[in-house]
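Each reported figure results from applying straightforward, stated rules to the coordinates on display, with no laboratory input. This structure is a prediction, so every number in the text was calculated from the model and none was measured. Neighbour counts are summed over all protein chains in view; Cβ atoms, including those assigned to glycine, are modelled from backbone coordinates with ideal geometry.
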Amino acid sequence: MELFRDVNVDWLGKKWYFLAFSLVFSVAGVLSILFWHGIKLGIDFRGGTLVYVQFDQPPNPDRIRQAMDRAGIHDSRIVPYGTAAQKQVAISLAQKETQESALDTGRQTIVQALNTNYSSGGGANQGKVDLDNASQGTLAQFLQQNDPEHLASIGGGAQKYAEQAAAILNHRDHDLDGIFSSIDQLNGVADPAVVGLLKQSAYLSGFHVFAADIIGPQVGAALRKQALMATLYSLAGMLVYLWFRFELIYGVAAVVAVFHDTLITVGAFSLSNQEITLTVIAAILTLIGYSMNDTIVVFDRIRENLRISRRETLTNVVNRSINQTLSRTVLTSGLTFLTVLSLYLFGGEVLHGFSFALVIGILIGTYSSIAVAAPMLVAYQDWRAKRGKKAVLPAGKKARV
Amino acid sequence: MRKTLLIVAVLLVFVFGIFGIPKGVGPSAWKTALTDRIHLGLDLKGGIHLVLQVMVQEAVSAETDNAVGRVQADLQQGGFPARSVLKPDPKKPELIQIQGTPPDRVGDVRSLLDSRYGAQYTVASEPNNNWTLTMKQTEVQSIEERAVQQSIDTIGTRINSLGNYEPTIQEYNLGTNQILVELPGVDDLSRVRDIIQSTARLEIHLVVGGPFPTEQAAAQSVGGTVPPEDVVMAYGGNEPDLQGQYFVLQRIPQVAGDDFRDAQPSVDENGRPDATFILSRNAGDRFYQFTSANIGKSLAVVLDNRVQEAANIQQAIRDQGRITGLGKDKAQNLSLMLRTGALPASIHYLQESVVGPSLGADSIRRGVLAAIIGMLAVMIFMLIYYHGAGINADLALMLNLIILLGFMGFSGATLTLPGIAGVILTIGMGVDSNVLIFERIREELRAGKAPAAAVDQGFGHAWVTIVDTHVTTIVSAIILFLFGTGPVKGFAVTLSFGLFANLFTAVFVSRHIFDSILKRKQRGEALSIG
């Protein structure tokens with residue numbers, strides 16, 4: 001099977017369309033960054049508190065917001081997390097409520113507010129243990145204190161109850177996906193005496209805090225700086241490598257193309273009002289490497305062709321090189337796109353931003369090697385010709401490998 | 001044949017890397033073997049991730065506090081006592097000021113200060129027979145480094161006293177003097193937090209005045225502004241009459257931190273919990289001298305910068321004492337802290353993340369599902385598009401994956417969720433090298449070359465490009481590794497391992513498969529490459 005055979009497209013003839021296309025997307029992104037949604041940073045960069053909660057019943061954001069308001073938290077953001085069937089929400093607080101001296105208070109307030117508004121039984125739960133949120137240590141200690149199997153005199157209670165607690169929580173976290181709907185679900189998981197005790201003196205809060213991130217302002221600032229530096233260093237590193245392997249102009253063209261991709265990807269995050277987190281930055285750095293790959297494949301071919309046909313105009317050589325590598329470009333991008341799409345569709349909520357960045361980035365990265373990097377080489381040569389310099393693009397240093 | 005053996009050997013080595021030697025057969029034995037070798041990151045396993053800041057300037061301050069006493073004693077012994085020795089600015093813990101040395105002994109003072117303190121301090125004379133000692137930068141640095149190291153050790157001991165948590169405690173590269181604590185599989189944040197955060201900085205200060213109802217009243221009692229050698233501290237014990245009151249204390253403690261050798265929770269004659277402490281021998285001697293000279297004055301026991309109790313000195317105390325006014329938990333905690341070693345400085349929390357086990361399990365399920373679907377899609381496509389050569393690519397791809405996971409098993413690298421994404425990307429990008437080569441071979445075949453020559457030329461031409469593309473991706477992976485933290489680092493690791501594995505499989509293995517196919521073919525028979 002073959003998709004592209006003897007393609008002969010005049011890519012450079014379409015450079016004005018490309019320019020228009022790139023401009024529209026970059027400018028839309030930049031406008032959105034400047035005037036519309038801005039760049040929405042995740043709490044790892046902003047600093048703040050983020051609590052992930054799973055509910056027994058489908059959560060109602062308004063009810064949660066009211067609960068937060070009553071607890072004195074007025075600027076919480078409540079967004080559904082994952083699919084509707086998972087009944088999860090992420091509750092976040094901005095940085096100003098997350099101080100370094102009392103990093104944990106935001107989380108505690110959220111949990112307390114949920115507890116007063118969601119737990120059945122309310123005040124009657126005083127002194128009882130919350131099975132939905134109990135940690136293994138707490139539960140084991142609770143069992144040992146109450147000693148339902150009367151092991152205190154025989155001994156071995158500590159180990160026995162630690163095992164029971166582990167079994168109960170393993171059932172909750174792995175078999176039931178984090179939350180009980182009834183204490184009866186413990187029948188057969190733990191010893192009858194233990195289940196009996198828990199039925200009496202444990203309760204289900206109806207929610208389960210399954211993850212929390214609390215990031216102080218200092219770390220947020222450091223991570224922001226780090227992400228920016230990493231992106232810049234990685235661009236600089238590639239520029240230097242291409243300079244060494246080809247010529248400076250190749251490096252510059254490739255870096256401009258990659259910068260174009262980064263800009264459009266970040267713009268896409270702004271347009272779709274999604275948060276940029278640490279993993280998104282990792283995706284953007286990968287995308288830089290990926291887009292660079294694509295550009296280099298085309299450049300390598302240009303260099304090779306320049307060496308064998310010195311009389312041909314640069315425009316022709318570049319066109320021919322793009323056409324010759326087109327099949328590979330489309331195939332590889334297509335296949336990588338396939339894997340990334342699989343990640344986007346099946347990889348779950350945690351990787352959503354990451355795979356979104358790559359889905360956009362791979363499309364744009366492939367486009368930019370053909371439509372931005374290669375035309376820049378020709379434009380550079382035209383510019384040199386106008387200034388009366390030697391009108392031949394240097395073929396680049398001889399490949400050393 | 002030799003090459004085939006080499007490839008099989010590599011395969012076996014890396015399969016061993018992934019599984020080790022499983023204890024038994026059956027899926028569960030293999031699964032345990034797998035999880036023994038490949039470590040899961042906190043985001044997959046669940047656990048607590050903390051970033052702590054060590055307030056190192058406190059350690060520097062404690063060191064200069066100590067030096068103030070020594071300078072005073074040295075000058076006294078030399079026969080040229082200073083009017084006062086103090087730390088002029090609480091914000092500059094490295095600075096000591098000596099005021100009013102005898103005007104006729106300038107030379108002696110200078111030579112004494114230079115010989116005793118010249119190594120750690122820069123000695124400068126100032127007008128009016130004053131001197132300043134500024135701790136040298138190298139000395140400040142070494143104290144800070146020691147403080148961070150000691151904090152790491154102490155936190156490690158404390159966490160280990162809680163149970164078998166397999167903690168990672170190390171310096172964190174994001175900022176200065178920060179510590180990273182990772183506790184896989186633990187979700188009991190409050191317990192861990194309590195034990196790490198109690199600095200249990202126990203000190204005994206001389207009381208200048210108090211108790212006062214407000215901070216202002218306390219300051220008024222010493223003339224409106226608190227002089228540099230004094231400090232105002234709030235009451236933090238459980239005596240009802242003293243709640244919300246303030247004391248004025250001498251800033252420099254008589255005994256502190258390392259001077260305490262041990263403490264035990266006990267019960268006083270009225271059955272209330274308290275703690276007995278024992279001082280180290282040196283500190284005991286010093287404390288004896290001090291208390292004998294100050295009978296009738298008041299001492300305050302200060303815990304974490306709050307006055308725990310204040311009492312009159314009724315007799316000289318050598319090395320044992322009792323602290324009352326503690327709750328039962330506080331007494332127990334305090335004695336645990338003093339036994340495991342005090343933190344050299346207090347600890348601030350900068351970041352806390354807790355990942356519950358249910359989220360981790362869900363992430364693994366989804367990540368693996370996405371990887372399998374992505375991989376199947378790629379493999380099926382390669383078969384359809386390249387026919388026989390597609391099998392070649394698929395074999396290379398599978399070997400690539402085995403080598404990648406084997407690398408992780410051998411190196412003890414941690415697999416994180418972004419790391420799984422790295423594996424998936426490696427699949428996509430790994431196939432790129434094959435596509436480059438196959439497309440080139442097709443081109444050469446179209447140009448009329450014989451299969452053997454086409455394969456040779458195809459690999460030759462594609463090799464240059466493959467090197468370039470791999471190097472640039474490795475550059476970005478290295479930068480990610482250097483700058484990234486936690487999960488992102490895991491991603492960089494899998495990505496780079498995947499790239500190295502890919503160089504081997506796509507170029508060497510795939511070439512070898514082509515060569516062995518060509519050898520069996522008749523001259524002129526076509527190559528199956530779609």
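Where the alpha-carbon atoms of segment B:160-288 are placed on the principal axes, they occupy 54, 43, 34 Å, in descending order.
Shielding of B:362-369 by partners, i.e. mean partner chain Cβ atoms within 10 Å per residue?
Values: counts 11, 5, 1, 2, 8, 6, 2, 6.
Per residue, the average neighbour count from other chains is 5.
Give the average, rounded to an integer, of partner chain Cβ atoms located within 10 angstrom of each Cβ in A:316-329. Display every interim value, and only then the final one.
Values: counts 0, 0, 0, 0, 0, 0, 0, 0, 3, 5, 1, 5, 11, 4.
Average neighbour count from other chains, rounded to a whole number: 2.
Straight-line reach from A:K160: taking Cα to Cα under 17 Å and skipping same-chain neighbours fewer than 8 places apart, the aspartates and glutamates in range are A:D147, A:E149, A:D191.
Could you order peptides B:273-284, B:356-367 by the average number of other Cβ atoms within 10 Å of their residues, highest first?
On the way: B:273-284: 17.8, B:356-367: 21.8.
Listed from highest to lowest mean packing, they are B:356-367, B:273-284.
Take the Cα of A:R5, step 7 Å toward its Cβ, do the same at B:A526, and the gap between the two points is 1.0 nm. Applying the Karplus relation 6.51 cos²θ - 1.76 cosθ + 1.60 with θ = phi - 60° to segment B:240-249 yields 3J(HN,Hα) values of x, 5, 9, 4, x, 8, 10, 10, 9, 10 Hz, where x marks Gly and Pro.
Taking the number of other C-beta atoms within 10 Å as the exposure measure, put A:T116, A:T265 in order starting with the fewest.
A:T116, A:T265
The C-alpha atoms of chain A define a longest principal axis, and helix A:248-271 lies at about 40 degrees to it. Can you give the translational diffusion coefficient of segment A:48-214 in µm²/s, computed by Stokes-Einstein from the Kirkwood radius over Cα pairs at 10 °C and 1.306 mPa s? D, rounded to a whole number, is 94 µm²/s. Label-to-label distance, B:I391 versus B:K297, with points set 7 angstrom from Cα along the beta-carbon direction: 9.3 nm. Each residue in B:S221, B:S115 was given a count of other beta-carbon atoms within 10 angstrom of its own, and listing them fewest first yields B:S115, B:S221.
Order the peptides A:291-301, A:360-370, B:440-450 from the highest to the lowest mean number of other Cβ atoms within 10 Å of their residues.
Highest mean packing first, the order is A:291-301, A:360-370, B:440-450.
Let me have the relative contact order for chain B, percent, based on Cα pairs under 8 Å that are six or more residues apart. Before the final figure, lay out each step's value.
Working: 911 pairs, mean separation 94.1, N = 530.
18 percent.
Legend: Rg and Dmax of segment B:56-140, from Cα coordinates, 12.0, 39 Å. Peptide B:187-195 has a mean shielding of 4, counted as Cβ atoms of other protein chains within 10 Å of each residue's Cβ.
May I ask for the angle, rounded to the nearest 10°, between helix B:2-19 and the longest principal axis of chain B, with both axes built from Cα atoms and the value confined to 0 to 90°? For B:2-19 against chain B, the angle is about 40 degrees. Relative contact order of chain A: 23 percent, from C-alpha pairs under 8 Å at least 6 residues apart in sequence. Only DSSP H runs of four or more residues enter the estimate; each adds -39500 (n - 2.57), and after division by the residues of chain B the mean residue ellipticity at 222 nm equals -18000 deg cm²/dmol. Residues whose amide H falls under 5 Å from that of B:Y121, counting only those 5 or more places apart or on a different chain, are B:K136, with hydrogens built in the peptide plane.
Quote the relative contact order of segment A:48-214 in percent (integer), defining contacts as alpha-carbon pairs under 8 Å separated by 6+ residues.
33
Which shape class, rounded, prolate or oblate, goes with chain A when its Cα gyration tensor gives a ≥ b ≥ c as root eigenvalues, a/c under 1.5 marks rounded, and past that a/b bigger than b/c marks prolate? Since a/c reaches 1.5 and a/b is larger than b/c, the shape of chain A is classed as prolate.
Here's the picture: charge each Lys and Arg Cβ at +1 and each Asp and Glu Cβ at -1 in segment B:198-351, and of B:S280, B:P240, B:A293 the one pushed furthest to the positive end of that dipole is B:S280.
In whole percents, the pair-distance distribution calculated for the protein assembly as shown from its alpha-carbon pairs, binned every 20 Å from zero, is 12, 34, 30, 18, 5, 0. The long axis of helix B:486-502 is offset from the longest Cα principal axis of chain B by roughly 30 degrees.
Suppose R0 equals 56 Å. What FRET efficiency, 1/(1 + (r/R0)^6) with r the Cβ-Cβ distance, do A:R224 and A:S153 give to the nearest 0.05?
Details: r = 59 Å, r/R0 = 1.06.
Plugging the Cβ-Cβ distance into 1/(1 + (r/R0)^6) gives 0.40.
Return the ratio Rg/(2.2 N^0.38 Å) for chain B, where Rg is computed over Cα atoms only.
Numbers: Rg = 34.4 Å, N = 530, 2.2 N^0.38 = 23.9 Å.
Chain B yields a ratio of 1.44.
Can you give the log10 of the normalised intensity I(q)/I(0) at q = 0.09, 0.11, 0.12, 0.20 Å⁻¹, computed with Debye over equal Cα scatterers of segment B:198-351? Debye curve over Cα of segment B:198-351, log10 I(q)/I(0) at q = 0.09, 0.11, 0.12, 0.20 Å⁻¹: -0.28, -0.42, -0.51, -1.36. GNM remark for chain A: springs join alpha carbons under 10 Å apart, and the peak mean-square fluctuation among A:G157, A:G289, A:G82 falls on A:G157.
Quantify how much of the Cα-Cα distance distribution of segment B:1-128 extends past 24 Å, in percent.
59
Amide H contacts for B:D230 (H built 1.01 Å from N in the peptide plane; partners 5 or more residues away or on another chain; cut-off under 5 Å): B:R251.
Please compare each pair in B:K449/B:K519; A:K14/B:K449; B:K3/B:K521 to a cut-off of 23 Å on the Cα-Cα distance and tell me which ones are over it.
Pairs exceeding the cut-off: A:K14/B:K449.
Near the amide H of B:H39, within less than 5 Å, lie the amide hydrogens of B:L415, all on another chain or at least 5 residues away, with H placed in the peptide plane.
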